[in-house]
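> What follows is a single structure, and I will ask about it in a moment.
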Amino acid sequence: METLETACLYGADAVYLGLRGGSNLRALARNFSLEELPHAVAYAHEKRVKVYLTLNTYPHDGQYVVLPDPIHAAWDTGIDAVIVSDIGVLSMVKRLAPSVPLHLSTQANAVSSHAVNAWAGLGVSRVILARELSCGEIETIRRNTRCELEVFIHGSVCISLSGRCLISDYLAHRGANQGQCTQPCRWDYAMVERTRAGQYMPVGEEDGFTFLYNSKDLCLLPVFEKVMALGLDGLKIEGRNKASLYVATVVAVYRQARDEYLKEPEHFQVRPEWIDEIAKVSNRQYFTGFFTGKPGHDGINYDFKGYEQSHHLAARVVEVKDGHVTMEARNPLIEGMVLEWLSSTGQRQSFVLRGAFSEDGAQTHIKPNQLFSLKTSFVPKPGELIRKPFSEGDRVMPGREG
């Protein structure tokens with residue numbers, strides 16, 4: 001729920017979510033229960049944010065039994081659309097919840113206007129296009145269909161065609177198309193070709209292993225002007241299985257970029273500070289995917305040593321009252337640390353943690369999940385985030401003299 005609230009606060013026009021029970025492709029994520037769904041939908045709608053429910057697995061016959069409950073929940077709670085991949089699921093949603101709009105998942109691998117129009121003929125109102133499309137191909141599809149179109153602009157990329165992968169099934173006995181992918185494409189491998197001893201592939205290595213299938217993360221911010229010029233109906237950011245700081249940072253940057261483009265498209269330029277911002281959140285290095293042409297070796301992070309990330313979440317604002325800001329710590333904090341406020345309107349402001357207190361008195365060492373209050377020179381909103389650089393660690397600024 002916190003991630004949904006963060007997305008709404010930092011500028012999302014819509015959020016997509018899944019339910020527990022194996023009906024979506026992020027079965028291992030912190031999904032919503034049927035009991036939590038009405039509150040989530042009501043909260044988003046109060047913020048004028050749409051909610052899309054994912055039912056985008058490819059279920060086998062025995063797995064269809066779990067689908068009626070979430071479909072009825074979508075109808076009852078006023079979900080704005082259901083995202084599906086499988087034609088059988090599509091048919092069931094049309095039968096059980098005929099007034100709920102249908103969006104086609106990128107998992108269905110729509111790569112042509114012919115496919116888009118065929119799906120539209122089956123009742124789909126929006127198609128989330130496959131990630132394996134170039135800018136020119138998307139432009140052609142846009143020109144030849146009246147169906148709404150959406151594309152992914154930021155997030156992880158499967159090495160397999162639109163996520164249609166079986167590696168997890170073979171190596172971990174967990175089906176990727178049933179939402180249980182263990183991401184073996186991110187594992188490190190050693191490879192030997194038996195008839196060519198001594199001939200090595202020209203790829204980087206780490207401790208004797210190679211990350212052969214480890215795709216970099218998609219980021220279309222450097223070519224955002226071309227993205228906007230396509231006239232798409234939705235720009236999608238991967239947010240599930242992501243922390244609040246990731247969601248806040250990435251959503252805020254793309255929201256600013258979109259708003260500035262719409263204001264003055266002829267003078268639009270990608271700001272260097274936007275690029276710097278998205279580099280601060282968890283990533284496997286970035287590339288533009290297939291949007292600018294078929295990627296080569298530069299699309300794979302062969303020497304992956306872990307996620308790149310320069311900042312992490314320090315605290316979340318809980319309340320602003322009588323000149324004091326109450327926060328909940330998310331990592332250990334020490335008086336004198338340099339922190340940074342992330343405004344939901346794009347403002348950033350650094351400050352030194354001083355004068356924190358709680359019901360137990362002054363606090364110089366604050367533990368995760370602990371509530372504390374302090375005075376600030378800025379006035380944040382409840383739900384806004386405070387971050388700190390990893391380099392801070394336990395380093396603190398010296399106290400004032402006197």
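The values are calculated or read from the model by the stated rules, or taken from the named source; none is laboratory data. Please read all numbers here as calculations on a predicted model, not as lab measurements. Heads up, the Cβs are rebuilt from the backbone with ideal geometry, glycines too, and the neighbour counts pull from every protein chain shown.
> Looking at segment 37-65, which of its residues are more than 24 Å from LEU90 (Cα to Cα) and surrounded by fewer than 17 Cβ atoms within 10 Å (Cβ to Cβ)?
Listed by number, the residues that qualify are HIS39, ALA42, TYR43, HIS45, GLU46, LYS47, ARG48.
> Let me ask something additional. Please work out which one of (1) over 28 Å from PHE152 (Cβ atoms); (2) in a helix (DSSP H, G or I) is the condition GLU328 fails and give its number.
Of everything listed in (1) over 28 Å from PHE152 (Cβ atoms); (2) in a helix (DSSP H, G or I), GLU328 misses just condition (2).
> Name the single residue that is nearest to ALA229 (Cα to Cα) among those in segment 125-141 being touching a helix residue (DSSP H, G or I) at 6+ places or on another chain (Cβ under 7 Å) and of a type in the set (A, V, I, L, M).
Step by step, filter segment 125-141, then rank; the result is ILE141.
> Report, by residue number, each residue of segment 87-112 that is assigned to a helix (DSSP H, G or I), within 27 Å of the chain's Cα centre (by Cα) and of a type in the set (S, T, N, Q).
Matches in segment 87-112: THR106, GLN107.
> Going residue by residue through segment 25-35, is there one that turns out to be under 25 Å from LYS94 (Cβ atoms), of a type in the set (Lys, Arg) and modelled with pLDDT under 90?
Scanning segment 25-35 turns up at least one residue that is under 25 Å from LYS94 (Cβ atoms), of a type in the set (Lys, Arg) and modelled with pLDDT under 90.
> Go through segment 35-77 and give me each residue that's over 23 Å from THR106 (Cα atoms), in contact (Cβ under 8 Å) with a residue 24 or more places away in the chain and part of a loop (DSSP other than H, G, I, E, B).
Of everything in segment 35-77, those that are over 23 Å from THR106 (Cα atoms), in contact (Cβ under 8 Å) with a residue 24 or more places away in the chain and part of a loop (DSSP other than H, G, I, E, B) turn out to be GLU36, LYS47.
> Restricting attention to segment 249-262, does a residue exist that is acidic (Asp, Glu) and in contact with a strand residue (DSSP E or B) (Cβ under 6 Å, 6 or more places away or on another chain)?
Checked against the condition, which is being acidic (Asp, Glu) and in contact with a strand residue (DSSP E or B) (Cβ under 6 Å, 6 or more places away or on another chain), segment 249-262 yields no hits at all.
> Take the residues of segment 237-248 that are of a type in the set (A, V, I, L, M) and outside any helix (DSSP H, G or I): which is farthest from GLY383 (Cα to Cα)?
Checking each candidate, the answer is ILE237.
> Condition first: assigned to a helix (DSSP H, G or I) and among the aromatic types (Phe, Trp, Tyr). Now tell me which residues in segment 264-284 satisfy that.
Listed by number, the list holds a single entry, TRP274.
> For segment 240-257, check the following and say yes or no: at least one residue is in contact (Cβ under 8 Å) with a residue 60 or more places away in the chain and surrounded by fewer than 15 Cβ atoms within 10 Å (Cβ to Cβ).
The answer is yes, given that some residue of segment 240-257 is in contact (Cβ under 8 Å) with a residue 60 or more places away in the chain and surrounded by fewer than 15 Cβ atoms within 10 Å (Cβ to Cβ).
Residue-wise test of (1) modelled with pLDDT under 65; (2) small (Gly, Ala, Ser); (3) not in a helix (DSSP H, G or I).
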position	(1), (2), (3)
MET191	yes, no, yes
LEU232	no, no, yes
VAL250	no, no, no
ALA257	no, yes, no
LEU262	no, no, no
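> Scan segment 113-144 residue by residue and report those that are surrounded by fewer than 19 Cβ atoms within 10 Å (Cβ to Cβ) and either under 19 Å from the mean Cα position of the chain (by Cα) or of a type in the set (Val, Ile, Thr) (or both).
GLU132, THR140
> Out of segment 353-375, which residues are over 15 Å from LEU313 (Cα atoms) and either part of a strand (DSSP E or B) or of a type in the set (Gly, Ala, Ser) (or both)?
Passing the criteria: GLY355, ALA356, PHE357, SER358, GLY361, ALA362, HIS365, PHE372, SER373, LEU374.
> While we're here: Which one of these does THR145 not meet: (1) in a loop (DSSP other than H, G, I, E, B); (2) in contact (Cβ under 8 Å) with a residue 60 or more places away in the chain; (3) of a type outside the set (A, V, I, L, M, F, W, C)?
Unmet condition: (2).
> In addition: Count, please, the residues in segment 1-23 that happen to be in a strand (DSSP E or B) and in contact with a helix residue (DSSP H, G or I) (Cβ under 9 Å, 6 or more places away or on another chain).
4
> I'd like to know if segment 161-171 contains one or more residues that are polar (S, T, N, Q), at pLDDT 65 or above and closer than 27 Å to THR288 by Cβ.
Scanning segment 161-171, I find no residue that is polar (S, T, N, Q), at pLDDT 65 or above and closer than 27 Å to THR288 by Cβ, so the answer is no.
> Condition check: at pLDDT below 95, among the small types (Gly, Ala, Ser) and within 26 Å of the chain's Cα centre (by Cα). Does ALA243 satisfy that?
The answer is yes for ALA243.
> If you go through segment 113-124 one residue at a time, do you hit one that is part of a loop (DSSP other than H, G, I, E, B), in contact with a helix residue (DSSP H, G or I) (Cβ under 8 Å, 6 or more places away or on another chain), at pLDDT below 95 and over 19 Å from LEU17 (Cα atoms)?
No; the residues of segment 113-124 include none that is part of a loop (DSSP other than H, G, I, E, B), in contact with a helix residue (DSSP H, G or I) (Cβ under 8 Å, 6 or more places away or on another chain), at pLDDT below 95 and over 19 Å from LEU17 (Cα atoms).
> Please go through segment 1-18 and pick out each residue that is surrounded by fewer than 19 Cβ atoms within 10 Å (Cβ to Cβ) and either among the charged types (D, E, K, R) or touching a strand residue (DSSP E or B) at 6+ places or on another chain (Cβ under 6 Å) (or both).
GLU2, ASP13, ALA14
> Condition test on TYR52, is it modelled with pLDDT under 95 and among the aromatic types (Phe, Trp, Tyr)?
The answer is no for TYR52.
> Oh, and also: Any idea which residue in segment 334-367 is surrounded by the fewest Cβ atoms within 10 Å (Cβ to Cβ), counting only those that are free of Cβ contacts under 8 Å to residues at least 40 places away in the same chain and closer than 23 Å to VAL247 by Cα?
Among them, the one singled out is SER350.
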